[in-house]
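The next block holds one structure in the form of structure tokens; read it before the comments.
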Amino acid sequence: MVNIAVSTLGLSYSAPEGPGMLTTAKYKDVSWDFRKSDTKEYTHCFHNYPAMMIPQVVRKLLERYGVHDGWLLDPYCGTGTSLVEASIFGMNAVGCDINPLVRLIATAKTTPVSLDKLDGHIEVLQDKLTRFRLDRNGLPSTNIPHILNMDYWFSNDVAKQLSMIREHILSVKDAVARNFLWVAFSETVRECSYTKNGEFKLVRMAPDKLESHNPDVFGTFRGKLARNRDGLAAYIKRRQDVNVLVTDANTANDETPRPPKSFDLVITSPPYGDSPTTVAYGQFSRLSAEWIGLPNPRKVDRLSMGGTRKDGYLPDSPVSPAIEEIRIADRKRARQVELFYFDLRQSIRTVTSVTSDEATVCYVVGNRRVKGVTLPTDEFVAFTFGELGFSHEETVVRNIPNKRMPSVNSPSNVTGKTDTTMREESIVVCQRRE
């Protein structure tokens, strides 16, 4: 394979010659950083989550490539940032994710609801919490759910208070209102647990912090409800009359979500890499998912890309030299990386099978490091779409000032060995050739 050196605006990289060759500039544009922008507008305020794509990036892509009344696909929708923005813009949208907690959040963020009815449910619950707080006899008895290692992650008082809220939410028959309440509850669970602040993996706070840890569970929950209710009200005013569907379809396994017609636009931010050494979405979600009673809360990371597949051959591509360099240091780690890109390639193939003849795809990706080796994911994405009949339009590099990311991670998968995480990400834009 012949490599062609490309240099634009001070950035240099190698682009493979062939069907996926990068044909236009890769350049850095600080206008995509949105450093001072409010990333918590509308229902984007609902729930913290690791490495969330900020709404301003999606909004700008929709302004450039959106199709009013058309269909948008996000095969890794997470908590639904792209779905919220699509519904405000006026596009129907389908989002896919294997994580049941984020599907619940994305559904709650994009579902129109009668605010009067929702306020009624909130008022009933608020009154009940007030009575509990004022009752001098203490909290009434309640059924505390079975959570593995409950005592390790929650104090007894916190578990009782969470159980009171949980029992009430379970009694709410209106599914839309119940989902809204679950989202506030989910974030309350995490914030009131012994989980270390600022972590997206399950890490217990330091022993000296445990003794002083006395969260106001009811107060925290009330705050989440009020914030989310305001965000929902603002969203409903802007939401267009479109359809939004959230599904568990796994495009890496050739599971294909199909709208009434083909997708006109794809906007997504796939995982940076395998969960154990990048962003452990399953660990972040697990406690909340167990409290809510969602299925398979401990399997999310294992089901993520590169997590379950044992076989699969990755053809020569822009990441091949990097994988071979990793293989010299650690064959097992190189194989894990290879399987991640195999799954990403399979997912892209599935996505192209449901896009229209004039579709645009926008992938927001990061070039992560493993064993000190940088993996050119942006080139891999452009190359793979090129193999499947798309032309590469541009790759815009932006700084990451807003995403919830750790300052270091463990790309070598060895305890104690860390590396700095990505400070930049690339927005890869490809369009189907005529």
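The values are calculated or read from the model by the stated rules, or taken from the named source; none is laboratory data. Given the structure is predicted, the values throughout are model-derived calculations rather than measurements. Neighbour counts run over all protein chains shown; Cβ positions are idealised from the backbone, glycine included.
What to note about this one:
- Look at (1) assigned to a loop (DSSP other than H, G, I, E, B); (2) at pLDDT 95 or above; (3) in contact with an Asp or Glu (Cβ under 6 Å, 6 or more places away or on another chain) and you find that H68 fails only one, number (3).
- Residue match in region 72-79 (condition: aliphatic (A, V, I, L, M) and either not in a loop (DSSP other than H, G, I, E, B) or not assigned by TED's automatic domain parsing to the domain that holds T352 (or both)): yes
- Only a single criterion out of (1) in contact with a strand residue (DSSP E or B) (Cβ under 7 Å, 6 or more places away or on another chain); (2) of a type outside the set (G, A, S); (3) modelled with pLDDT of 90 or more is not satisfied by K261, namely (3).
- A184 being touching a His at 6+ places or on another chain (Cβ under 6 Å) and either assigned to a loop (DSSP other than H, G, I, E, B) or buried (at least 20 other Cβ atoms within 10 Å of the Cβ) (or both): no
- Selection status of D174, surrounded by fewer than 17 Cβ atoms within 10 Å (Cβ to Cβ) and either among the β-branched types (V, I, T) or touching a residue at least 40 places away in the same chain (Cβ under 8 Å) (or both): yes
- Residue match in region 35-49 (condition: modelled with pLDDT under 90, crowded, with 17+ Cβ neighbours inside 10 Å and closer than 30 Å to S288 by Cβ): yes
- Subset of region 226-248 [buried (at least 20 other Cβ atoms within 10 Å of the Cβ) and within 19 Å of the chain's Cα centre (by Cα)]: N228, V244, V246
- Of all residues making up region 85-107, the number that are under 15 Å from the mean Cα position of the chain (by Cα) and under 19 Å from A249 (Cα atoms): 14
- For region 191-198, the criterion of being small (G, A, S) and farther than 17 Å from N228 by Cβ is met by at least one residue.
- Residue match in region 294-309 (condition: more than 28 Å from W71 (Cβ to Cβ), modelled with pLDDT under 90, part of a helix (DSSP H, G or I) and polar (S, T, N, Q)): no
- Among the candidates D343, D378, residue that is at pLDDT below 95 and either surrounded by 21 or more Cβ atoms within 10 Å (Cβ to Cβ) or aromatic (F, W, Y) (or both): D343
- A search for C-beta distances below 6 Å between a residue of region 249-266 that is outside the structural domain of S347 (by TED's automatic domain parsing) and any residue that is part of a helix (DSSP H, G or I), counting only pairs 6+ apart in sequence or on different chains, returns nothing.
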